[in-house]
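The values are calculated or read from the model by the stated rules, or taken from the named source; none is laboratory data. On a predicted model such as this, the values are computed, not experimentally measured, just so you know. Reconstructed Cβ throughout: ideal geometry from the backbone, glycine too, with neighbour counts over all protein chains shown. Surface accessibility is based on the protein's heavy atoms, side chains included, excluding ligands, DNA and RNA. Shrake-Rupley method; radii C 1.70, N 1.55, O 1.52, S 1.80 Å.
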Amino acid sequence: MIELKKADLTLGHAAASVHVLKSIDLAIGRGETVGIVGPSGSGKSTLLMVLAGLERLDSGEIVIDGVALQTLSEDKVAEFRGRNVGIVFQSFHLIPNMTALENVAVPLELAGARDAFERARAELVAVGLGARLDHYPGQLSGGEQQRVAIARALAPNPKLLIADEPTGNLDGETGRQIADLIFAKQAERAMTLMLVTHDPSLAARCGRQVHVRSGQIIDDGSNTAGLSPAAAPMAVKAGL
């Protein structure tokens with residue numbers, strides 16, 4: 001599903017520049033659940049943004065579902081992302097003056113879907129918000145806002161779901177519920193899931209963990225690729 005070859009990216013300019021990703025090679029299979037872990041500032045979130053097509057590489061290759069993103073124009077990358085990639089952020093990123101239903105429907109409308117509001121309503125019902133369709137983000141709890149964000153990400157039926165610290169702004173119990181929802185939807189739709197987290201228990205739910213440090217992958221977790229999410233953490237502890 002995903003292939004990165006010699007992926008390199010520097011952000012900023014001159015003395016303020018930071019070499020964020022350093023010649024990264026990574027291959028992710030279809031339907032895998034992958035936790036990206038590492039210290040703050042290691043390049044985890046930037047790696048996700050590259051996978052989402054929100055950051056362009058300085059050099060190297062990125063291929064998602066057979067499409068080489070580095071060969072596409074910005075407009076074509078955006079079009080590809082709208083059809084194939086769902087994104088869930090830590091801070092929800094909902095539009096405050098739009099209802100939950102409108103927040104989910106707008107990206108579908110922009111993509112030309114004629115049934116945008118019907119699909120948005122179905123997705124919100126599926127994440128347990130059928131009674132909150134007409135509520136604005138300010139009227140929703142943090143967990144409810146993240147459910148709206150998940151519904152928005154899932155509405156185009158993406159092949160790749162990207163989640164950047166999806167439980168980071170939530171209390172422990174709400175975070176567990178959101179994690180349960182994300183993994184349930186991944187299994188239901190057989191999507192590839194790429195998840196950045198500082199939470200070891202959340203990372204352990206993934207079938208594979210990729211460890212990033214100082215812009216480099218120090219362990220791509222491929223020795224446990226293909227194991228079930230339950231078996232992979234045990235394999236890591238056993239040194240397999």
Relative to the longest principal Cα axis of the chain, at what angle does helix 74-84 sit, 0 to 90 degrees, rounded to 10? 70
Spatial extent of region 113-227: Rg and Dmax, with the Cα atoms as the point set, Å: 15.6, 47
What accessible surface, in Å², does a 1.4 Å probe find on Thr71, ignoring ligands, DNA and RNA and rounding to the nearest 10? 100
On a 0 to 90 degree scale, rounded to 10, what angle separates helix 142-154 from the longest Cα axis of the chain? 80
Region 87-132 versus region 165-188: alpha-carbon centroid distance in Å: 18
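How high is the relative contact order of region 1-102, given as a whole-number percent (alpha carbon pairs under 8 Å, six or more residues apart)?
28
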Which angle between 0 and 90 degrees, to the nearest 10, do you get for helix 116-126 versus the longest principal axis of the chain when only C-alpha atoms count? 80
Quick one: pull the percent of accessible area on region 1-103 belonging to carbon and sulfur, 1.4 Å probe, ligands and nucleic acids left out. 53
Stretch gain in nm, segment Leu11-Leu54, where the contour uses 0.36 nm per residue and the Cα spacing is subtracted: 14.2 nm
Once His13, His19, His93 are ranked on solvent-accessible area with the largest value leading and a 1.4 Å probe, the list reads His13, His93, His19
Of Ser141, Ser222, Ser91, the one that fluctuates the most in a GNM where the chain has Cα springs shorter than 10 Å: Ser141
Might you work out the accessible area of Ile95 for me, using a 1.4 Å probe with all protein chains in place, and round it to the nearest 10 Å²? 70
Geometric extent, Cα atoms of region 41-165 - Rg, Dmax (angstrom): 15.2, 47
In the chain, lysine pairs with alpha-carbon atoms under 20 angstrom apart (chain gap of 8 or more, or interchain): 7
From the convex hull of the Cα coordinates of region 12-59, what is the mean projected area in square nanometres? 4.3
If ligands, DNA and RNA are left out, what is the accessible area of Thr192 with a 1.4 Å probe, given in Å² to the nearest 10? 0
Accessible-area order (highest first, 1.4 angstrom probe) of the listed residues Phe80, Phe117: Phe117, Phe80
What residues have an amide H closer than 5 Å to that of Val88, excluding those fewer than 5 places away on the same chain, when H is modeled at 1.01 Å from N in the peptide plane? Ile162, Ala163, Asp164
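Within the set of other residues whose C-beta is less than 11 Å from the C-beta of Gly175, count the net charge using Lys and Arg as +1 and Asp and Glu as -1.
Working: positive: Arg176; negative: Glu165, Asp171, Glu173, Asp180, Asp199.
Result for the neighbourhood of Gly175: -4.
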Contour minus Cα-Cα span, Lys22 to Asp65, at 0.36 nm per residue, comes to 13.2 nm
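What full-extension length gain, to one decimal in nm, is calculated for Ile218 and Ala187 as 0.36 nm per residue of separation minus the Cα-Cα distance?
Values: separation 31, 0.36 × 31 = 11.16 nm, distance 2.77 nm.
This chain segment gains 8.4 nm when fully extended.
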